[in-house]
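Visitor: Below you'll find the structure I mean.
Derivation of every value follows stated rules applied to the coordinates shown; laboratory data play no part. All figures in this text were calculated on a predicted structure; none of them were measured in a lab. Note that each Cβ is placed from the backbone with ideal geometry, even for glycine, and that neighbours are counted across all protein chains shown.
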Amino acid sequence: MDIQFIDPVPAVIEEVKSISGKGIEFIPKENLATYAALKMARKDMSSHLIFYKKEHDEIINHLIVHECGHLFRIFKCPENQRLMPYSDQQMKYNALKKIEDEICALTKILSEDQMAHIIDLWYNGLIRQVTNLPPDIMIEKWIYDKFPTLRQLQLKSLNKQLTEAVSGLTETVARMTPPTILFASNVMNYTFFRILGLHIGENFIRRYSSTPYLGKGKELSAITEKDYNDTHEGDNMMINKWATFVNISDWFKWRGFEEVPPDYGNTG
Amino acid sequence: MKNINYALMLIKANKLDGAKDLLEELLQNDPGNQDILYNLGMCYTELNEPEKAIETLSECVRCYPHYSNAYVALGFAYSRLADDEKARDHFIRALELEPSNSYALRNLGGLYGKADDYEKAVQCLEKSFSINPEDQQTAYGLGYSYFNVGKIDKADNYFKIAINLDESTKIADMAKDFRREIAEINLKAKGFRADAMFYCLSALQLFRDKTPEQVRQIAFEIGMKGRQGLDINNPEKKYTLDSMSGSFTGLQLTSYMYVGLKMIDPKLDIGLDLSEEYNQALELFNKERPHGYTIH
């Protein structure tokens, strides 16, 4: 089904065009992890691409505004100062080598053919978390403050995200995840939901009470609230602070916004 | 609020143009800041604006006369202008202030190397490397200096270190080229290699039953392995391939690659001269009796 935009989504999409000089092309796509995902236009692309699941609900409106939030932040930064995180096989190898013992311990539980796939999920998942959650906090605050009509959908969307996050507190996940990755992931989730909960008046972190993530989570929350410069540059510096805090600063590096693989603009 | 830490992130990501713009902006609000002056000067040098670099870094050393890194950066800017004398003076000044400044030692070593004084170059670079063993440029410089004084084994060792430090850089590519050259020197130092000839013959027999695509695949895989460095003088060391079962010595794989590439295109410059061994093998191969013989 096509997306039924609600207010203020059309106006936000218009603003994207005015700030970035390019419109958004919406492309239906199955096998997406979320209802919507964004590819920001580089110089040789005619438009930004938002992929969406055909089967979705109204939350998609919140997700689109959220993705536009990322666009605004990046395109407000001077072109030659935009940075994007990236990783490669070497960085992945070095990172996983450091937790080799933890991974080896899991071979008793997981079969060999499952391992490679799951290791990839852990690695990419943690990088996605550390490089997205800091700007996501600022974007969600912005949505809450600027678009009251979206608040109900935003809450629904955040609760959906919370359900996924708290699965990291279960015994099953704990048994199948290297402790270093599990700890970092839960501390970052706690920080995200603590800060946002305080901002929008919701207690998202009930499930985290009496978990070992509380202390470090509060510490990271304090760092985030104290030092955040609310721009793309500030996002990147905060991402670095988070990465250092959870001890994964060598899991990724930075490169210019335009330095993407040649097939980046493909719509498939 | 603009922040120098972001400029440092841009420099690390090699977005020097963006870093320069940001640092210029920061300098307007904080004209005498040591870190801004230093990093801006470095950006100018890297962006090929050495005059601006000299102006900025001179201001830095005027404000902070004991800041040794600024003298190194200033020396580096002068070397970009080919003013080696002033460059050397500033590196030496940096070392007077901080005798263990690895960058001053590295750059001074580079200047000696440029003047073909490899003995002094090695002295400086060895000292620099002992202080900062993670520096790829220093490892490469040592490889280059040792190569030029004919200490091939030492040169090879440092080129290997340089490659291992970060394989993704241009320096690593240059080190790989030198290692190939060293391999060839080592190979030919022993004169005609009968062992290589027999490996060539074995390759001719092996490839006779393979399609051109299979030969290409094997030769290219060996070529890729060769970029990491194949030890052709150690028959104990064995390598494996994805495209062919078994384990092989470095010389064996090099011979197979040579034959494979010659079969694909006889005019190809392979960069390693096994032509005599190959021609002898060809002669033997063409004389082969119908029942053949096998070389293991």
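Visitor: Taking only DSSP H segments of four or more residues, each worth -39500 (n - 2.57), what value at 222 nm results for chain A once the sum is divided by all its residues, to the nearest 500 deg cm²/dmol?
Guide: Using -39500 (n - 2.57) per qualifying helix, the result is -18500 deg cm²/dmol.
Visitor: How charged is the neighbourhood of B:Met263? Take every other residue with its Cβ under 14 Å from the Cβ of B:Met263, and add Lys/Arg as +1 and Asp/Glu as -1.
Guide: That works out to +2.
Visitor: Then there's this: Where does chain B land at 222 nm, in deg cm²/dmol rounded to the nearest 500, when only DSSP H runs of n ≥ 4 count, each adding -39500 (n - 2.57), divided by all residues? Please report the intermediate quantities before stating the final value.
Guide: Details: 15 runs with 211 residues, N = 296.
That comes out to -23000 deg cm²/dmol.
Visitor: Based on Cα coordinates alone, diagonalise the gyration tensor for segment A:147-268, multiply each eigenvalue by 5, take square roots, and list the semi-axes in whole Å, largest first.
Guide: On the way: eigenvalues 127, 84, 63 Å².
Values for segment A:147-268, descending: 25, 21, 18 Å.
Visitor: Cα atoms only: what Rg and Dmax, in Å, come out for segment B:65-178?
Guide: Spelled out, the Cα radius of gyration and Dmax of segment B:65-178 are 13.7, 42 Å.
Visitor: Still on this structure, please answer the following. What's the whole-number percent of alpha carbon pairs in segment B:155-219 lying beyond 17 angstrom?
Guide: Working: 1260 of 2080 pairs.
Roughly 61 percent, once rounded to a whole number.
Visitor: Work out which helices of chain B, taken as complete DSSP H runs, extend at least 15 Å along their axis over the Cα atoms and score a mean Kyte-Doolittle of 0.5 or more, then list them. Provide the component values of the computation, followed by the final result.
Guide: On the way: long enough: B:16-29 (20 Å, -0.32); B:34-46 (18 Å, -0.09); B:50-63 (19 Å, -0.19); B:68-80 (19 Å, 0.28); B:84-97 (20 Å, -0.83); B:102-114 (18 Å, -0.25); B:118-131 (19 Å, -0.11); B:136-148 (18 Å, -0.64); B:152-165 (20 Å, 0.04); B:170-189 (28 Å, -0.45); B:194-208 (21 Å, 0.88); B:212-228 (25 Å, -0.77); B:250-264 (21 Å, 0.77); B:275-287 (18 Å, -1.14).
Sorted by number, the helices that extend far enough and score high enough are B:194-208, B:250-264.
Visitor: To continue, here is another question. Only counting other Cβ atoms within 10 Å, I'd like A:Phe204, B:Phe207 sorted with the fewest neighbours first. Present the calculation step by step, with values, prior to reporting the outcome.
Guide: Values: A:Phe204 23, B:Phe207 19.
Ascending number of Cβ neighbours within 10 Å: B:Phe207, A:Phe204.
Visitor: Taking the Kirkwood radius as the inverse of the mean 1/r across Cα pairs, report the Rg/Rh of segment A:9-79.
Guide: 0.96
Visitor: Tell me, what does the Kirkwood hydrodynamic radius of chain A come to in angstroms if you use every pair of distinct C-alpha atoms?
Guide: Numbers: mean 1/r = 0.0508 Å⁻¹.
Its Kirkwood hydrodynamic radius stands at 19.7 Å.
Visitor: Can I ask one more? Pull out a ≥ b ≥ c, the square roots of the eigenvalues of the alpha-carbon gyration tensor of segment A:212-268, then state rounded if a/c is under 1.5, prolate if not and a/b is larger than b/c, and oblate in the remaining case.
Guide: Values: a/c = 2.76, a/b = 2.04, b/c = 1.35.
Prolate, because a/c is 1.5 or more and a/b exceeds b/c.
Visitor: While we're looking at this one, here's another question. Can you tell me, using C-alpha contacts under 8 Å and at least 6 residues apart, the relative contact order of chain B as a whole percent?
Guide: On the way: 387 pairs, mean separation 27.7, N = 296.
Value for chain B: 9 percent.
Visitor: Expressed as cubic angstrom per residue, what is the convex hull volume of the alpha carbon set of segment A:31-145? Display every interim value, and only then the final one.
Guide: Values: hull volume 19.9 nm³, N = 115.
In segment A:31-145, the Cα convex hull volume per residue is 173 Å³.
Visitor: What is the Cα coordinate range of segment B:118-168 on the first, second and third principal axes, sorted by size from largest, in whole angstrom?
Guide: 28, 21, 13
Visitor: Which order results if A:Thr231, B:Thr169, B:Thr211 are arranged by neighbouring Cβ count within 10 Å, fewest first?
Guide: Details: A:Thr231 20, B:Thr169 15, B:Thr211 9.
Fewest-to-most ranking of A:Thr231, B:Thr169, B:Thr211: B:Thr211, B:Thr169, A:Thr231.
Visitor: Here is a follow-up. Per residue of A:81-91, what is the mean number of Cβ atoms on other protein chains within 10 angstrom of that residue's Cβ?
Guide: On the way: counts 12, 3, 7, 1, 1, 1, 0, 1, 0, 3, 0.
Mean inter-chain Cβ contacts per residue within 10 Å come to 3.
Visitor: Then there is this: Given the peptides A:132-141, A:245-254, arrange them by the average over their residues of other C-beta atoms within 10 Å, most packed first. Write out the running numbers ahead of the final one.
Guide: Numbers: A:132-141: 20.8, A:245-254: 18.0.
Top to bottom by mean Cβ count within 10 Å: A:132-141, A:245-254.
Visitor: So what is the relative contact order of segment B:33-120, in percent, for Cα pairs below 8 Å that sit 6 or more residues apart? Please report the intermediate quantities before stating the final value.
Guide: On the way: 111 pairs, mean separation 19.4, N = 88.
Reported as a whole number, the value is 22 percent.
Visitor: Another question about this same structure. Got the relative contact order for chain A handy, in percent, Cα pairs under 8 Å and 6 or more residues apart? Each step should come with its number before you reach the end.
Guide: On the way: 285 pairs, mean separation 65.1, N = 268.
Averaging sequence separation for qualifying contacts and normalising by length gives 24 percent for chain A.
Visitor: I need the per residue convex hull volume for chain B, using only the alpha carbons, in cubic angstrom as a whole number. Spell out each step's value before the answer.
Guide: Details: hull volume 47.5 nm³, N = 296.
Each residue corresponds to 160 Å³ of Cα convex hull volume.
Visitor: How many lysine pairs does segment A:9-79 hold where the Cα atoms are under 26 Å apart and the two sit 8 or more places apart or on different chains?
Guide: So the count works out to 19.
Visitor: Report the Stokes-Einstein translational diffusion coefficient (µm² s⁻¹, integer) for segment B:169-288, Rh taken as the Kirkwood radius over Cα pairs, at 20 °C with viscosity 1.002 mPa s.
Guide: In µm²/s, the coefficient rounds to 148.
Visitor: Another one. Summarise the long-distance tail of P(r) for segment B:94-252 by giving the % of C-alpha pairs beyond 21 Å. Don't skip to the end; give the middle numbers.
Guide: Values: 6861 of 12561 pairs.
Tail fraction, whole percent: 55.
Visitor: In what sequence, highest mean first, do B:28-34, B:176-182, A:208-214 appear when ranked by Cβ atoms within 10 angstrom?
Guide: Details: B:28-34: 12.0, B:176-182: 18.3, A:208-214: 14.3.
Put in order of decreasing packing, that is B:176-182, A:208-214, B:28-34.
Visitor: Counting residues in the protein assembly as shown as N, plug N into 2.2 N^0.38 Å and put the Cα Rg over that result.
Guide: Details: Rg = 29.5 Å, N = 564, 2.2 N^0.38 = 24.4 Å.
Rg over 2.2 N^0.38 Å, computed on Cα atoms: 1.21.
Visitor: Let me ask something else. Kirkwood Rh over alpha-carbon pairs of segment A:111-207, then Stokes-Einstein at 10 °C and 1.306 mPa s: what D in µm² s⁻¹, rounded to an integer?
Guide: Working: Rh = 14.5 Å.
Rounded, D is 109 µm²/s.
Visitor: Another question about this same structure. Give me the three principal axis extents of segment B:1-99 from the C-alpha atoms, as integers in angstrom, largest value leading.
Guide: Rounded to whole Å, the extents work out to 40, 24, 20 Å.
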